[in-house]
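The values are calculated or read from the model by the stated rules, or taken from the named source; none is laboratory data. What you are looking at is a predicted structure, and each value in this text was computed from that prediction instead of being measured. Note that each Cβ is placed from the backbone with ideal geometry, even for glycine, and that neighbours are counted across all protein chains shown.
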Amino acid sequence: MEQIRRIGMLTGGGDCPGLNAVIRAVVKTAINDHGWEVIGIEDGFEGLILPGKTREMRISDVRGILPRGGTILGTTNRANPFAYVTREKGGRVVTRDVSGKVIRRIRELRLDALIVIGGDGSLKIGYEFYQKGMPIVGIPKTIDNDLSCTDVTFGFDTALDTATQAIDRLHTTAESHHRVMIVEVMGRDAGWLALEAGLAGGADVILIPEIPFDLHKADEKIEQRDREGCRFSIIVVSEGARPVGGEQVYQPTKDPTAPRRLGGIGQWVAGELARMCDHEIRVTVLGHVQRGGSPSSFDRILGTRFGAAAVRLVANGRFGEMVSLHGEHIEAVAIADAVSQLKTVPLDSDLICTVRSLGICLG
């Protein structure tokens, strides 16, 4: 393998707490341990498509960013080089494969390796470039915790804490007004965030994508609590949850270039439940609040460990691999395996058994 002198790094997809911890660790490890140059690529893969979106990263550039949310490199989830969407004059939307342009740009920048920090979408793109001969190393990032081959992704712990605190706050107002409070959380097609936040926050009903729900079951739970003297209920619903025989709910959009976004199931559940029970119902959609804010200690440490480990993979020529957490250890797995399928909540998991043992309704 040729000697490594210069590496690139980008953050793709949705932002999440801990990204700056990863960036800091990559820069400091690459420079301190190996004396490499580090090139930061702005706004995900778009930084390799459009001009003027790269910059050298020095240790001084990452000073003080450890507690900051977001990513100092910027990010986007609309810049897949293999299906790059643009709007031409006149408004016509065109999709092109500009992956060849990205490969040429990597070579122009004299990058000996590219570290891709992202979720399943960004890592799938990274893997496609690896198959084309590009030296790619992956770092798993998502608040959804839905990437396979790692126990947890950084960003999840902070988002979970944010959702739990929101549920805690809603408990007091729900009890005061004898209301049903519905909390819609993120998670896409995996119910980890809703399930764990609902469990930590003492929810009465938790609706997740893995278990299509019957709202009559939720109504029965609310009525049971009424009979027991608990005149309020907390329902946590994942954005990807759907009723039995029904479909997921997506946000409306007028932008044909925008990806489809889940959202709105909380309001749908509220409307249906209003026909079944006499309680006042309120909906809180946490949305991007879950993505923001200072990362937890766990996410700072995990992100830092991931960043340093990714540099070690580059140094050892372990391309096409992703760092991951297994137990207490950071290990390497094939990116292909990590993106082969989403990690959803197993229906026979300890979490599901615990939720049911506590009498929490899963719809």
- Task: Within the range 20-32, identify whether any single residue is surrounded by 22 or more Cβ atoms within 10 Å (Cβ to Cβ), of a type in the set (Gly, Ala, Ser), in contact with a Lys or Arg (Cβ under 9 Å, 6 or more places away or on another chain) and within 15 Å of residue 137 (Cα to Cα), and answer yes or no.
- Result: yes
- Note on the structure: For the range 334-363, pairs from a residue that is without any contact (Cβ under 8 Å) to a residue 24 or more places away in the chain to a residue that is exposed (fewer than 14 other Cβ atoms within 10 Å of the Cβ), with Cβ under 8 Å and 6 or more apart or across chains, are none
- Item | Residue ID - farthest from residue 178 (Cα to Cα), chosen from residues in the range 231-290 that are hydroxyl-bearing (Ser, Thr, Tyr) and part of a loop (DSSP other than H, G, I, E, B) | 257
- Note on the structure: Of the listed residues (143, 206), the one being of a type in the set (A, V, I, L, M, F, W, C), surrounded by 23 or more Cβ atoms within 10 Å (Cβ to Cβ) and in a strand (DSSP E or B) is 206
- Given the conditions (1) farther than 16 Å from residue 167 by Cβ; (2) in contact with an Asp or Glu (Cβ under 6 Å, 6 or more places away or on another chain), which single one is not true for residue 228? (2)
- Query: Does any residue of the range 65-87 turn out to be closer than 21 Å to residue 322 by Cα and either in a strand (DSSP E or B) or not assigned by TED's automatic domain parsing to the domain that holds residue 128 (or both)?
  - Reply: no
- Note on the structure: Per the filter on the range 225-245, residues under 18 Å from residue 171 (Cα atoms), of a type outside the set (A, V, I, L, M, F, W, C) and over 31 Å from the mean Cα position of the chain (by Cα) are 225, 226, 228, 229, 231
- Message: Return the residues of the range 340-363 that are modelled with pLDDT under 95 and either farther than 25 Å from residue 120 by Cβ or touching a Cys at 6+ places or on another chain (Cβ under 7 Å) (or both); say none if nothing qualifies.
- Response: 363
- Message: Whether any residue in the range 177-188 is within 23 Å of the chain's Cα centre (by Cα), surrounded by fewer than 24 Cβ atoms within 10 Å (Cβ to Cβ), modelled with pLDDT under 95 and more than 17 Å from residue 361 (Cβ to Cβ) is what I want to check.
- Response: yes
- Which one of these does residue 294 not meet: (1) modelled with pLDDT of 95 or more; (2) surrounded by fewer than 17 Cβ atoms within 10 Å (Cβ to Cβ); (3) in a helix (DSSP H, G or I)? (3)
- Query: Give me the pairs: first residue in the range 97-121 and in the same structural domain as residue 145 (by TED's automatic domain parsing) and touching a residue at least 60 places away in the same chain (Cβ under 8 Å), second residue surrounded by 24 or more Cβ atoms within 10 Å (Cβ to Cβ) and hydroxyl-bearing (Ser, Thr, Tyr), beta-carbon distance under 7 Å, and six or more apart or on different chains, which are they?
  - Reply: 116/122; 117/11; 118/11; 119/142
